[in-house]
Amino acid sequence: MHDKPLNPEDLSQSASQLDMEHLDQRIVRVLETAPQPHIPADFAARVANQLPANRPVSLTPTHYGRYATLIGTVVTLAALVILALHSTRPIFGLLESLLFAQFIALAVWVTVWRYGLR
């Protein structure tokens, strides 16, 4: 009682300051304390038991996209040949240029080795 102030306003301020300092000290102590992880001894066994026993059966690839690309390449080449035979001018027109660009793109697409799709 000897070290406490007599004024009630001072008492409420000092008490709130002490509470804030105590709270700050508790926060710092909690933040500086490293967590102690606890891993059960059978944790690895429980995780391994949740895995499937056998690998799932993979489906056989259908290659529909490759077949469609090959058909598109053949159709584009046939259209280029037909337009070249019936063309009276030796210079390519817009349609022939677009078909030629499409043919080159399809040919490159078919011949590129794609590791991610195998």
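We did not get these values from a lab; they are worked out from the coordinates using the rules stated. Since we're looking at a predicted model, the values are computed, not measured. Don't worry about glycine lacking a Cβ; one is built from the backbone with ideal geometry, like all the others, and counts go over all protein chains shown.
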With the first residue restricted to the stretch 55-73 and required to be touching a residue at least 40 places away in the same chain (Cβ under 8 Å), and the second required to be in a helix (DSSP H, G or I), Cβ contacts under 9 Å at 6 or more apart or on different chains are ARG66/VAL110; THR69/LEU106; THR69/TRP109; THR69/VAL110; LEU70/LEU106; LEU70/VAL110
Across the stretch 42-100, the tally of residues that are within 23 Å of VAL110 (Cβ to Cβ) and in a helix (DSSP H, G or I) stands at 27
